[in-house]
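The values are calculated or read from the model by the stated rules, or taken from the named source; none is laboratory data. Computed from a prediction, not measured in an experiment: that's the story for all the values here. Please note: Cβ atoms are built from the backbone with ideal geometry, for glycine as well, and neighbour counts cover all protein chains shown.
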Amino acid sequence: MAGLMAGFGQCTHAIVRGIPASLAGEALRMSAAEVDLSGARREHDAYVEVLRTRLRLEVVSLPADEALPDGVFVEDAAVVCGDTALITRPGAESRRAETEAMKAALKDLNLNIVEMTDETATLDGGDVLFTGQEFFVGLSKRTNQRGAEILADAFKDYAVSTVPVQEGLHLKSFCSMGGPGLIVIGSSEPAQKALKIMQQMSDHRYDKLTVPDDHAANCVYMNLPELGHVLLHCTAEEFPESAKVFEKLKDYTLIPLANSEKVKVDGALTCCSVLINKKSSN
Ligand code: GLY
C-alpha cells in the first residue's frame, strides 16, 4: 500500500469561508444548543491560522455571506480529487447557492470543473470519504444514489461504493482518514456498522483507529513536505479519551483544534476546508 498511497494527503491550497452572523440563529442543526458566535469565529480563525501559518498552505478565504448561514462548511459544496473539482448539489435547498463562490474559486485555481446539474441528484461533500484508493459515499438525509453516481462519473479512475448513514448528518460525522490506509472511526454502533460495510465492499485492506467519541473521529489528515504526517484533531478539553488515542500516533505532527461551537450546528473539522494539491498528478 505504501507505494500506491505515496501522494495521499499532499496539499498545497485550502479554500475556507468566513462565518456570517446568521450562523448562530439560522444554520441548520440537529440540536437546540445555543451557539456563541464570537466563540465560533475564534475557533474558525484559529483553524484558518493553522492552515496558513503553521502548515503554510495557500489559503483562499471566501467572504462570509449572511444569506448563507452554513457557508463556512465549504466541504459540502465541492469534492476535489487531483485536478478535478466536482461542484456538488447540496441536499439542503438553503445551501445550494454556496456552490457559486466555491465554483469561482476552484476555476481561479485552474481545476477542471464538473457540475452536478441533474435536479434529482443531491450530494454533500461531508458524505464523501476519499481513501486515496477509492471513494465511499454516504447515503444520508443529504446525499442520494444519483449524487453518488455522478461522483463516480466525475472520478472514473476510482471505485465508488455507497454506505447507508443511519444516524447523524453525514458519513464523515463519525469517520475520516487518519493517514494512508488508516480509517479513524467512532465507537457507536452505527459507526462500527458503517465501517464493516466499507470493509466488506472494498478490495483494499484498511487499518482502523477507533476513538470513543464519534465527533472526534472527524479529523483532517495531510502529508506535507516539511512536517510529514499532520493530523488536525479534537482537543483534550472536548474529548479527553479520544484525544489520548491521537496522542499515541507516533511520527505525526498532532494539532488539536477546538470545535465546540461549530459542532453545535453539526460542523466538524473536515467541513471547514476544501483541500487541493496543485502539484498533484493523481
Ligand atoms: N449545519 C450544517 C448542515 O446542516 O449542513
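Summary of computed values
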quantity: Every residue from segment 110-140 that is over 17 Å from the mean Cα position of the chain (by Cα), part of a loop (DSSP other than H, G, I, E, B) and either β-branched (V, I, T) or surrounded by 16 or more Cβ atoms within 10 Å (Cβ to Cβ) (or both); calculated: L111, M116, T117, T120, A121
quantity: Residue count for segment 128-161, restricted to those that are under 14 Å from I197 (Cβ atoms) and of a type in the set (D, E); calculated: 1
quantity: One residue from G168, G147, G178 being within 30 Å of A243 (Cα to Cα), within 16 Å of the ligand (Cβ to nearest atom) and either in contact (Cβ under 8 Å) with a residue 12 or more places away in the chain or outside any helix (DSSP H, G or I) (or both); calculated: G168
quantity: Wholly within segment 184-250, strands (runs of 3 or more DSSP E) carrying at least 2 residues that are at pLDDT 95 or above and touching a Pro at 6+ places or on another chain (Cβ under 9 Å); calculated: 220-224, 228-233
quantity: Test: residue in segment 265-277 that is within 16 Å of the ligand (Cβ to nearest atom) and over 30 Å from D83 (Cα atoms); calculated: yes
quantity: Filter result (of a type in the set (K, R) and surrounded by fewer than 19 Cβ atoms within 10 Å (Cβ to Cβ)) within segment 94-109; calculated: R96, K103, K107
quantity: Qualifying residue in segment 185-204 (condition: of a type in the set (D, E), surrounded by fewer than 24 Cβ atoms within 10 Å (Cβ to Cβ) and closer than 25 Å to N277 by Cα); calculated: no
quantity: Condition met for L23 (assigned to a loop (DSSP other than H, G, I, E, B) and within 20 Å of the chain's Cα centre (by Cα)); calculated: no
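A quick yes/no check of all residues on (1) under 17 Å from the mean Cα position of the chain (by Cα); (2) not in a strand (DSSP E or B):
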| residue | (1), (2) |
| --- | --- |
| R52 | no, yes |
| V59 | yes, no |
| A64 | no, yes |
| P69 | no, yes |
| V72 | yes, yes |
| P90 | yes, yes |
| S94 | no, yes |
| T99 | yes, yes |
